[in-house]
Structure formats: structure tokens, C-alpha cells
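S.K.: The structure that follows is given in the form of C-alpha cells.
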Amino acid sequence: MKDGEEYEISDISCQLTLGILSLKNSLNWASFPKLAVPNTEIKPLYDVVVIGSGYGGSIAASRCARAGQSVCVLERGKEWRPGDFPEHSAGVFKEFQLTVGGEGRTHGKPNDLFDLFYTDDLTVVQGSGLGGTSLINANVSIDMEDAVFEDSAWPLALRNDKSDLINVDRKHFYDMIEPTPYPDDYPHLQKFDRMEDTLSKYDIEDLDKKILRRLDLYVSFEDKKPNQVGVPQPKCTGCGNCVGGCNVGAKNTLNMNYLPDAKAHGAELFTEVREAMSVMC
Ligand SMILES: Cc1cc2nc3c(=O)[nH]c(=O)nc-3n(C[C@H](O)[C@H](O)[C@H](O)COP(=O)(O)OP(=O)(O)OC[C@H]3O[C@@H](n4cnc5c(N)ncnc54)[C@H](O)[C@@H]3O)c2cc1C
Ligand code: SF4
């Protein structure tokens with residue numbers, strides 16, 4: 001057998017493994033409860049209307065619902081569940097909206113998952129879907145410096161509440177989103193080694209402690225049946241597709257924690273709401 005043929009066969013077996021994994025996931029997740037309800041169920045009145053379901057919107061929805069408010073979440077994007085995300089560039093392209101020059105969408109639809117906005121001054125990449133940009137981000141957790149909230153740009157009420165913000169609120173967030181170190185028993189990270197090789201050529205003080213370190217990730221590295229809000233989450237397979245959307249369900253995106261929590265406390269979630277403002281009028 002020639003080398004090329006061996007490669008082809010291993011390629012096929014790799015595709016088969018992926019196929020089986022996708023099938024397994026789709027079977028698992030077919031029973032995953034949908035969070036959004038049909039838009040025909042939007043009521044005329046709520047205590048709180050949250051527009052967008054990223055970190056800002058999901059946390060607000062969960063906190064307000066837990067405080068006993070009637071909450072409605074209006075999201076322009078679709079509901080995405082593990083197994084739904086594109087695995088190849090063609091699928092990504094189908095889910096890609098582009099606005100160049102700030103004068104209307106150049107490509108795609110407003111509910112497409114990947115949203116790129118480009119002008120000469122500003123480039124924005126964001127996610128559009130139930131869970132916002134958490135669906136397509138890299139899930140790296142870097143703790144904030146407490147000093148950030150000393151800036152006078154923040155409202156006075158928030159600065160006066162700094163102790164709660166830094167202690168209780170941070171704990172709430174971490175309990176829910178669960179930043180976790182990359183485990184030692186997971187595959188060795190070769191990219192990390194290459195970075196270490198490169199940086200060790202320079203005389204950098206505290207290289208190991210300050211600069212070259214593994215950051216925590218919003219990822220589940222253990223099977224959770226269920227997680228802290230009752231959602232089953234399989235452990236990370238290390239596939240590396242986090243920024244395309246996690247088809248395993250291991251990434252701690254907002255549809256795995258804050259949004260189901262909001263729903264469990266009575267919030268109503270709506271997707272593909274084109275004109276959130278007109279719904280409110
Ligand atoms: C590729 C990528 C990788 C990233 N990696 C990291 C990382 O590793 N670590 C990290 O901390 N941060 C990362 N980020 C940044 C992080 O994801 C964002 O800062 C964060 O998601 C912003 O939260 P948000 O609530 O402000 O907005 P978003 O999460 O963007 O949510 C906004 C939501 O509002 C919806 N929306 C907007 N307009 C309307 C409307 N009119 N009506 C209804 N809905 C609307 C959008 O569809 C979206 O769902 C990354 C970002 C990207 C793009
Ligand atoms: S299984 Fe792990 S590596 Fe793969 S997309 Fe999900 S979180 Fe990322």
C-alpha cells in the first residue's frame with residue numbers, strides 16, 4: 001500500500017469517527033429542551049424586557065427573574081444547540097452576515113450566526129444567536145482587575161456597590177460560568193510548548209508565573225449529568241472547534257447556564273425577533 005493510500009484511509013476513518021460522534025451528539029441533543037418559545041406567545045406587558053442574550057442580557061434576565069420580575073428576552077438570532085453548528089467552511093459561510101461601510105448588510109441575514117461589521121474606523125466580530133457571542137467565542141477567562149471599577153466612567157451607584165460587585169457578584173458569575181483550568185490529564189498542548197520555546201530565548205522575568213501560563217476556560221472537562229442548572233453537559237473532547245460553536249455541549253455558553261436558569265425562574269425567551277424595538281411599542 002502506498003503512503004498516499006494510507007493517508008486516505010486514515011482520513012476516511014477520521015471522518016467516520018467524526019460522523020459517528022456527530023450522530024451520537026445529535027441523538028443526545030435531540031432531547032435537549034428548547035429554551036425559546038414561539039414569538040406568538042409574547043405578552044403585551046413584562047416588568048423587564050431584555051434585548052439581546054449575550055453575557056449582559058442573559059445575566060440580567062437570570063438575576064431579574066430570580067428577583068421575581070416577569071422577564072422577556074428578545075434575541076435577533078436563532079436558537080443553537082449542540083450538534084447544530086457548522087463543522088466546515090461552507091457551513092460557516094452560510095451562517096455569515098457582513099456589513100461593510102456601515103450602510104446596510106452586504107451579505108447574509110440578520111439571524112446568521114457570525115456577524116462581521118467593518119468600516120475604515122472600526123471592525124466588530126460578534127455572534128448572533130441565543131447566547132450571543134458566547135456561542136462563538138474562545139471561552140478564555142481572564143479575571144478583571146478590581147481597579148477597573150474605580151474609573152469615574154462607571155455610574156456612581158455601581159461604584160458605591162463595588163464591594164458586592166467584586167465579591168458576591170463575581171462569585172455568582174463564577175459559580176454559574178465555571179472557569180476551569182485545562183486539566184493535566186488532557187492531551188499535551190504543543191502550541192504551548194512552541195510558545196515556551198520562543199519566549200525562553202528572551203530574558204523575561206517571571207516568565208513561568210506571569211506571562212506564560214494557562215488561562216482558565218469556560219469549558220466542562222468532566223461529564224455533568226446534569227450541571228448546576230440541570231442541563232446535561234458532556235465533557236470536552238478537545239476537538240478545538242470552540243470558535244465555530246461547540247457541537248459537543250462542553251463549552252459553558254450562556255444557553256448552558258444563565259439562560260436555562262432564567263427560564264427556570266419564569267423568564268420567557270424569544271428568538272429571531274427582527275425588530276426588538278417595534279415589538280416593544
Ligand atoms: C471570535 C471571538 C472570540 C472571543 N473570545 C473571548 C474569550 O476567549 N474570552 C472573553 O472573555 N471574551 C471573548 N470574546 C469577547 C466576548 O465574547 C464578548 O465581549 C461578549 O460576548 C460580549 O457580551 P455582550 O453581552 O456585550 O454582547 P454579545 O455576547 O455580543 O450579545 C449581544 C446579543 O444581542 C443580540 N442583539 C443585538 N442587537 C439586537 C437587537 N436589536 N434585537 C435583538 N437582539 C439583538 C445579538 O444577536 C447577540 O446575541 C470573543 C469574541 C469573539 C468575537
Ligand atoms: S468539545 Fe471542547 S474543544 Fe471542542 S468545541 Fe467544545 S469546548 Fe471546544
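The values are calculated or read from the model by the stated rules, or taken from the named source; none is laboratory data. Computed from a prediction, not measured in an experiment: that's the story for all the values here. FYI the Cβ positions are ideal-geometry reconstructions off the backbone, even for glycines, and counts take in every protein chain you see.
S.K.: Scan region 100-159 for residues that are farther than 29 Å from Arg81 by Cβ, small (Gly, Ala, Ser) and in a loop (DSSP other than H, G, I, E, B) and jot them down.
M.R.: Once the filter is applied, which keeps residues that are farther than 29 Å from Arg81 by Cβ, small (Gly, Ala, Ser) and in a loop (DSSP other than H, G, I, E, B), region 100-159 yields Gly101, Gly102, Gly104, Ser152, Ala153.
S.K.: Let me ask something additional. Under 27 Å from Tyr258 (Cβ atoms) and aliphatic (A, V, I, L, M) - does that describe any residue in region 85-101?
M.R.: Scanning region 85-101 turns up at least one residue that is under 27 Å from Tyr258 (Cβ atoms) and aliphatic (A, V, I, L, M).
S.K.: Inspect region 233-245 for any residue being more than 16 Å from ligand 1 (Cβ to nearest atom) and within 27 Å of Val50 (Cα to Cα) and give the result as yes or no.
M.R.: yes
S.K.: A further question on this structure: Is it the case, given these coordinates, that Asn111 is within 15 Å of ligand 1 (Cβ to nearest atom) and either farther than 22 Å from Leu215 by Cα or modelled with pLDDT under 90 (or both)?
M.R.: So Asn111 passes the test.
S.K.: Then there's this: Going through region 247-258 one residue at a time, which ones are away from ligand 1 (no atom under 11 Å from the Cβ) and part of a helix (DSSP H, G or I)?
M.R.: Passing the criteria: only Met256.
S.K.: I would also like to ask the following. Considering (1) within 15 Å of ligand 1 (Cβ to nearest atom); (2) surrounded by 13 or more Cβ atoms within 10 Å (Cβ to Cβ); (3) among the charged types (D, E, K, R); (4) at pLDDT below 95, say which one Arg214 fails and leave the rest.
M.R.: Looking at each condition in turn, Arg214 falls short on (2).
S.K.: Among the numbered conditions (1) aromatic (Phe, Trp, Tyr); (2) assigned to a loop (DSSP other than H, G, I, E, B); (3) in contact (Cβ under 8 Å) with a residue 60 or more places away in the chain, tell me where Tyr186 comes up short.
M.R.: The failed condition is (3).
S.K.: Which residue, of Met176, Met195, is touching a residue at least 40 places away in the same chain (Cβ under 8 Å), out of contact with any strand residue (DSSP E or B) (no Cβ under 9 Å at 6 or more places or on another chain) and part of a helix (DSSP H, G or I)?
M.R.: The match here is Met176.
S.K.: Sticking with this one: Only one of Gly102, Gly108 is surrounded by 11 or more Cβ atoms within 10 Å (Cβ to Cβ), more than 19 Å from the chain's Cα centre (by Cα), within 29 Å of Val248 (Cβ to Cβ) and not hydrophobic (A, V, I, L, M, F, W, C); which?
M.R.: Gly108
S.K.: Further, regarding this structure: What do you reckon, is Asp146 away from ligand 1 (no atom under 16 Å from the Cβ), surrounded by 14 or more Cβ atoms within 10 Å (Cβ to Cβ), acidic (Asp, Glu) and without any contact (Cβ under 8 Å) to a residue 40 or more places away in the chain?
M.R.: Taking the combined requirement at face value, the residue does not satisfy it.
S.K.: Give me the residue from region 34-82 that is over 17 Å from Val229 (Cβ atoms) and in a helix (DSSP H, G or I) and, out of that set, nearest to ligand 2 (Cβ to nearest atom).
M.R.: The selected residue is Gly56.
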